[in-house]
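To keep things clear, I will list the structure first and then write my remarks on it.
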Amino acid sequence: MNLKLQRGTPTSHSTPGELTGIPGFTFQTIEPPPVPDSGFDNCPVCIPAGHYELKMYHSPRFSQILGHPVNVPLFIGIPGFTAVEIHFGGSVEAPGTSKEHPLFLTEGCVLAGDTRVSADEILGTRDACINHIWPTVAAAIAGGDRVWIDVIDASS
C-alpha cells in the first residue's frame, strides 16, 4: 500500500497538506511548521520530506484518551525523530502560555481530518482516523502488505 502526503505552503504556525492513497478519500492534514514558531516555546517542527514505512503501534496516549487499546500508524526511520504518528488532534493551550496553538497535541505528528477550515485548522479528525485511516493501514499490514508514505514538500 502506498500513501502520499502532499504538503501545501507552510504558515508560521503549521504545514497544511493532503493525504491520499486510501481508496475513496482525500484527507486534510496539519503538521508543525518547518521551522519553530517563534511565538511559542517548545514548538515542534515537521518531519523531513521523504519515503517512509508505516507500522501499526500501540499508543499508550491514545489508548488512555479513548479508554481502550489503540494502535496508530507510526512512521519508521525518520532521521532525528521518534514516535511520529498519524492521529487526530485539535487546539490545546500552548505549554506555559495562555495562547492556543493547534499543533501542541501533535508533538511533531501528522493530524488528519475530513475538512480544512484554514491552513491552521481541520475538522473531523477523530472520525477520519478511527473509521478510515487507522483500520485501512492496519488491514493492509495484517494482510501481509508493507505500507509506505511519501511526504512531499510544496515546492516539489
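Numbers for the structure displayed
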{"item": "Taking Phe88, Phe81, Phe62 and counting other C-beta atoms within 10 Å, the order from fewest to most", "result": "Phe81, Phe62, Phe88"}
{"item": "Under-5 Å amide H pairs with Thr11, H placed in peptide plane, nonlocal only", "result": "none"}
{"item": "Taking Ile133, Ile30 and counting other C-beta atoms within 10 Å, the order from fewest to most", "result": "Ile133, Ile30"}
{"item": "Ranking of Tyr52, Tyr57 by count of other Cβ atoms within 10 Å, fewest first", "result": "Tyr57, Tyr52"}
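No lab work stands behind these numbers, since they all come straight from the coordinates. On a predicted model such as this, the values are computed, not experimentally measured, just so you know. Note that we place each Cβ from the backbone using ideal geometry, even for glycine, and neighbour counts take in every protein chain shown.
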